[in-house]
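Heads up: the structure comes next, in structure tokens.
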Amino acid sequence: MELIAKATAAVGGAVALLRRVGTPAHQALGPSPQIPDAKAQGIMTLKMPVAKGWTTGHLPTCAPGLRVNAFASGLDHPRWIEVLPNGDVLVAESKERPAPPRSLMDHAAQATMRRAKAIGDSANRVILLRDANGDGTAETRKVFVENQNQPFGMALIGDRFYLGNTDGIVVFDYAADATSLAGTGKKLVSFKPHGHWTRSLIASPDGSKLYAGVGSLTNIADRGMEPEQGRAAIWELDIATGTARIFASGLRNAVGMAWEPRTGTLWTVVNERDGLGDETPPDYLTSVKEGGFYGWPYSYWGGIVDQRVPQDAALVARAITPDYALGGHTASLGLCWMPAGTLPGFGDGMVIGQHGSWNRAKLSGYKLIFVPFSNGVPDGSPRDILTGFLSADERIAYGRPVGVAIGPDKKSLLMADDVGDVIWRVTGAS
């Protein structure tokens, strides 16, 4: 497997180097991005930095006026964060367990992903962290839930704790200040596993509904649409009745979700398709309309048709154009609303954890960013909060951002780093 990874890295590096000639000079960003024409790659660009982690004293780089510290370290591939009302911080530790490879490209991709710590044995648990003295570092660490199936999204509604496993949503009874939960949970909804495996969760503001992001199995329905049924969508679960339905579709891999408080609108970040170029199409941040269709796999950025896919003209005609482009292949995963005053110098807006690309000649993402909002919509260019996760030569990843959340003190940000095995805490510098 290591030989395959090294060979893939050598070939992928050569292909990526060749494809750097004529690559777009600017990212496709904002509400009206300049998206280059599609250039089908044939053999996709495969360029993944080797996971290294952080050495003692080496930290991510903060934006001016901010500082960062490790809230907790030595974790096992932390992916997602949920902060409970009592200030406890829950962290889902999980990792992709790939399906058996079906092609030489699958073998190459999986070997490369193992070197990047993106796939492998999954801890399959949720860890509870507690900072009892408020010094910004968790002193207590306990196993909150274990023996799960690639757990990811979490939500607490009243005295019920919901967990998004790759194969469905389970629920547990929760008592205030509990440091662990009994049993393996009751299954409420089943989802198809594999492919884009994460299952993010968010409760509606009134606690009556639960929303789950379920990504596609493949890049562009490569195995047809039947295996994709129920996927590439955001699901809605009615808590009272137990009824589940697709709320919005055509979202290739909708991961983080957040509520914009002024309008009460649900927003999500979506990872778009691969194989058409460095900036084509861009990943995006968008509001989510009930019953809305967002193009996948037939089209992107509204009605731009993907010529590789057998078409459905009626669906393309109703495809919604996303609100805000985030650049190509940034792997934007984490999302939370950050109110003005949380961090000095930052107003209202969305914070996004960008896990980082592999399908580009020049890598993108690998940072924590902020998108300012005004009157309920994005307003302005993205700003960096944390950078420095990638070496200058793009060969080494010290860390990769994933889930984000507002800290228990409401004056900090928490961010999961699944290569560094750290939860980072960002605050004002003074």
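Throughout, read-outs are computed from the coordinates displayed, never taken from laboratory work. The shown structure was predicted, so the numbers you read here are calculated from the model rather than taken from an experiment. Every residue, glycine among them, receives a Cβ derived from its backbone with ideal geometry; neighbour counts consider all protein chains shown.
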Leading residue at positive end of dipole, the chain (Cβ point charges), from Thr268, Asn359, Trp424: Asn359
Percent of Cα-Cα distances greater than 17 Å, calculated over segment 128-246: 59 percent
Average Cα contact separation per residue, segment 269-352, under 8 Å, 6 or more apart, as relative contact order %: 32 percent
Farthest toward positive dipole pole in the chain [+1 Lys/Arg, -1 Asp/Glu at C-beta], among Leu46, Pro64, Ser200: Leu46
Calculated SAXS-style log₁₀ I(q)/I(0) at q = 0.09, 0.20, 0.22 Å⁻¹ - segment 291-430, Debye, Cα scatterers: -0.34, -1.16, -1.26
Cα-derived Rg to Rh of the chain, Kirkwood definition: 0.94
Counting DSSP beta bridges with both ends in the chain, the antiparallel % (nearest 5): 95 percent
Cα-based Rg / Dmax (Å) for segment 182-323: 15.2, 50
Charged-residue dipole, Cβ positions (Lys, Arg, Asp, Glu), segment 142-216 about Cα centre, Debye nearest 20: 240 debye
Value of [θ]222 nm, deg cm²/dmol, for the chain, DSSP H segments ≥ 4, -39500 (n - 2.57) each, nearest 500: -2500 deg cm²/dmol
Whole-Å distance, taken between Cα centres, linking segment 241-295 and segment 415-430: 26 Å
Neighbour cut-off at most 11 other Cβ (10 Å), DSSP loop, trypsin sites (Lys or Arg not before Pro), segment 179-252: Arg223
Rg/Rh ratio calculated on Cα atoms of segment 362-418 (Kirkwood radius): 1.04
Percent of Cα-Cα distances greater than 15 Å, calculated over segment 70-141: 61 percent
Partner aspartates and glutamates for Lys192 [C-alpha distance under 13 Å; skip if fewer than 8 residues away on the same chain]: Asp167, Glu226, Glu228
Cα centre as origin, Lys/Arg/Asp/Glu Cβ charges: segment 118-170 dipole, Debye: 80 debye
FRET efficiency for Thr23 and Arg383, using Cβ-Cβ distance with R0 set to 41 Å, rounded to 0.05: 0.95
